[in-house]
Amino acid sequence: MTNFFAVFGLPPRPVIDVAQLSDLYANKSKTAHPDRAADSDFATLNEAFRTLSDPVLRLWHLLAIAGVEPQSMTPGPEINGWFGRVASGLQRFDQKLHPLAQETSSLLRAVKIREVQPAVSELEHLSNELTRQKEGLLQATAQIDARWPENLTADRVWLAQIACDLRFIEKWLAQIAERRLRFQELL
Amino acid sequence: MSQIVGIDLGTTNSLIGIMDSGFPILLADSEGFRLTPSIVHFPASGEPLVGRAAGRMKAISPDRTVFSVKRLMGVRPGETGKDSFPFRVVDAQGKTSIVVGEQTISPEEVSSYILKKLKSDAEKSLGEPVDRAVITVPAYFNDLQRQATKRAGEAAGLTVERIINEPTAAALAYGLDRLKDRSRIAVYDLGGGTFDISILELNEGVFRVLSTNGNTRLGGDDIDRDMVRLLEERITARYPEIRHELKEPLFSARLRELAHDTKLRLSEENAVQIEIPFLSGNRRFSYLLSRQELDAITRSIIRRTRSHCLRSMDDAKVAPRDLDEVILVGGVTRMPIVRQLVAEIFQRLPNTSQNPDEAVAIGATIQAGIISGEIQSVVLLDVTPLSLGVETFGGLMNVIIPRNTTIPCKAGEMFTNAVANQRSMRIKVLQGERELAKDNWELGSFEIEFAPVPKGVARVGIQFEIDANGILHVLARDTSTGQEIVLDLASAVDVADEAVEKMIAESLDRAFDDMAERVWTETAIKSNELLPAVKSAMTLVGDQLTTEDRQKIDELVAAVNSALESKEIHQLKAANAALDEGTQHLATLLIDRAMQEAEKRRGG
């Protein structure tokens, strides 16, 4: 499998400087784009940039090139508690949003917007808590990065658990973000 | 090799340009016009007419004059939504086709006539052959719409060097003399038939699209259509006896022309006196259409662009304050109300430095210059607008290439046989953002055959490649036999548009025939929902209105009550609409109040 870190000449580690990556990508694009070079592998460069720019994707890739598979891990105990809370919060919101989405009269829409507000606030609250969890996990990642690569084998196991948990959190944040957008579209 | 031209093949107008000493310039036809109307007239005998000459035939021979054909490119029969054309659109062996007289012709062929005229005008202007071109498409065009455009170019005798997205082209036009800049811009492109929003990052000559969104069935044509409906209602109210006359093709065509021209005038003037002397008998119809009335029509159409803008910014992970400019493209953006809405969404005044009709063609010409090597300092990184994936067990969509991935790109996925000795596997290729496969759009499906092997041993690799044109190439490879199949994407796809269902539901109660009772009941239900809502809203936030406004609303409420008693449907509908329109400010206050209550909840 392609080592995306190597594509940019970067050492594989959990944390990288994204601004520097962006400039590297822009510079390489100038010569590697198909409008410039007939047979460069621009698609791989794009994939590498997309993967390394995102902290969670980067983590999964780092582990993948080391042969570790976070998907075989089970979510941590804190994560388990979230399944139910997110599911019911989303359901409550969806139930209130549906009549609002159907409404065409401005005033009736305004009335329904008021009615859906509490569900919106609840989702915001959930989103904030999840974001705090995510930040905590990213901080743990940074701590591992600080001692990288001294403790490689053990740290890879830690990172795998973090990667697994982060994927769930991201999925929930995305689901909540989707609801937020749908609500904003109706304002 | 000949030079490459840049072509904007628009819904309403088309343009062609070429690089001249390092600058993109647009070419004019023999009459000196840079814009060629995208209209083709097919006379009973002789060559088709293209452009202004064809435009003059629109109101004379509407069934033989094809316009806005872009709306039909790459679209499945039955997926034309609310569009209704005065020329015949039919399903010919599963393909959308147009019938003029004895001929059945495809949308690509019609487009190729437009491209042929542009090509020949350019050749006259330059004195040399033109056979290579860059052609633009809406960013939100799907795979089949892009392929149809490419075919149209080839049918016109052009080698299509690149298909490029319209908002990206406009960004090139904007940024060509700002190559030292680092900035983030949004391009809001509202044309005759399509809407696109793109967010780009300009970084010292590298134009990178961060995200794109849009609607291929939303544009100025929809405003024209609603204007026509308004005029029909007014004429019917005045002369109910000629109601059916209004639907005759010649009358419709003339009314549409009138509506379109009035719309253009209302960008400059505050009111336009509409005269219709061509009613039967000695009937005359005269109506003063104000910009306000047009705004009410326009608002409900362009409000739909807001959600696309929000999604695009969300995907690009930018907030309005992170943007440096919003560029307007497309003739419709000349309307003051559109500029107002854009300013509201992006919280800044839009940049109107680019000619909204010409920016896209200039951009296409610049891209031509990039490909030919004449422009060295610019690189364009565009994206695919829709997520691509396959259906998996359980009916879910497995995304293989997410939307807004920079192109060209490729990604692969491995599939295996679920049971021992499975003979074949059917793989559905999908495009869209929904979780369930059935809610997305099927680009095509194909079957792979396996040798009989134990479960999990057969391996089929699917490779998706999206090239620089945004066109998909799919390969499936059975790793044990090495058998490779190129997927033939035979089914056409229309881009996800939840509004289509709503439109169909709305269009039902527009019918002129006898649904009187059902319509009355629906309208009265609406009144009975609206009245108490107004009452309670007035109690909550009515004190924030002026005495005048409160009085006005009281009058409108009284009008609804009396219309309910009159049992006259047109009166009730009008009263509901007036109360709706008249309580917009009240609605805003109510929403503000709701937001304040939410803030308090957050703080406490």
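Some values worked out for this structure:
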| read-out | value |
| --- | --- |
| Of all residues making up the stretch A:17-40, the number that are more than 9 Å from chain B (Cβ to nearest Cβ) and not in a helix (DSSP H, G or I) | 5 |
| Among the residues listed as B:D382, B:D322, the single one being under 20 Å from the mean Cα position of the chain (by Cα) and among the acidic types (D, E) | B:D382 |
| Enumeration of residues in the stretch B:98-115 that are under 25 Å from B:G220 (Cβ atoms) and either free of Cβ contacts under 8 Å to residues at least 24 places away in the same chain or of a type in the set (D, E, K, R) (or both) | B:S106, B:E108, B:E109 |
| Test result for A:R109, over 23 Å from A:N151 (Cβ atoms), touching a residue at least 60 places away in the same chain (Cβ under 8 Å) and either among the basic types (K, R) or assigned to a helix (DSSP H, G or I) (or both) | yes |
| Hey, B:T305 within 14 Å of chain A (Cβ to nearest Cβ) and closer than 19 Å to B:T168 by Cβ or not | yes |
| Pairs with Cβ under 9 Å, 6+ apart, first in the stretch B:192-213 and within 14 Å of chain A (Cβ to nearest Cβ) and within 13 Å of B:L172 (Cα to Cα), second acidic (D, E) and assigned to a loop (DSSP other than H, G, I, E, B) | B:L202/B:D181; B:L202/B:D324; B:N203/B:D181; B:E204/B:D181; B:F207/B:D382; B:R208/B:D382; B:V209/B:D382 |
| Residue match in the stretch B:153-163 (condition: at negative phi, outside any helix (DSSP H, G or I) and among the charged types (D, E, K, R)) | yes |
| Residue that is at the interface with chain A (Cβ under 8 Å from one of its Cβ atoms) and either aliphatic (A, V, I, L, M) or over 20 Å from A:L100 (Cβ atoms) (or both), where the choices are B:A594, B:A574 | B:A594 |
| Which listed residue is of a type outside the set (A, V, I, L, M), farther than 25 Å from B:Q3 by Cβ, over 25 Å from the mean Cα position of the chain (by Cα) and buried (at least 20 other Cβ atoms within 10 Å of the Cβ), from B:S61, B:S106 | B:S61 |
| Filter result for B:G330 (crowded, with 20+ Cβ neighbours inside 10 Å, within 20 Å of the chain's Cα centre (by Cα) and touching a residue at least 60 places away in the same chain (Cβ under 8 Å)) | yes |
| Condition met for B:G369 (on the phi > 0 side of the Ramachandran plot and not in a strand (DSSP E or B)) | no |
| Top-ranked residue of the stretch A:81-118 - restricted to ones that are loosely packed, with under 15 Cβ neighbours inside 10 Å and closer than 21 Å to B:K573 by Cβ, ranked as nearest to the chain's Cα centre (by Cα) | A:Q102 |
| Lone qualifier among B:N528, B:N561 - being modelled with pLDDT of 90 or more and polar (S, T, N, Q) | B:N561 |
| Count of the stretch B:111-152 residues which are among the acidic types (D, E) and either closer than 14 Å to B:T216 by Cβ or part of a helix (DSSP H, G or I) (or both) | 3 |
| All positions within the stretch A:6-16 that are under 19 Å from the mean Cα position of the chain (by Cα) and either under 10 Å from A:L52 (Cβ atoms) or assigned to a helix (DSSP H, G or I) (or both) | A:I16 |
| Residue satisfying condition, being buried (at least 23 other Cβ atoms within 10 Å of the Cβ) and within 14 Å of chain A (Cβ to nearest Cβ), within set B:V383, B:V360, B:V378 | B:V383 |
| Residue tally, condition in contact (Cβ under 8 Å) with a residue 24 or more places away in the chain and of a type in the set (D, E, K, R), over the stretch B:527-585 | 6 |
| Those residues of the stretch A:80-133 which are within 13 Å of chain B (Cβ to nearest Cβ) and among the hydroxyl-bearing types (S, T, Y), in sequence order | A:T104, A:S105, A:S106, A:S121, A:S127 |
| Within the stretch B:39-109, strands (runs of 3 or more DSSP E) holding 1 or more residues that are under 28 Å from B:F278 (Cβ atoms) | B:39-41, B:65-67, B:88-92, B:95-100 |
| Test for B:A418: is it in a loop (DSSP other than H, G, I, E, B) and either away from chain A (no Cβ under 14 Å) or aliphatic (A, V, I, L, M) (or both) | yes |
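The values are calculated or read from the model by the stated rules, or taken from the named source; none is laboratory data. What you see is a predicted model; the values in this text were computed from it and never measured. All Cβ positions, even for glycine, are placed from backbone atoms using ideal geometry, and neighbour counts span all protein chains on display.
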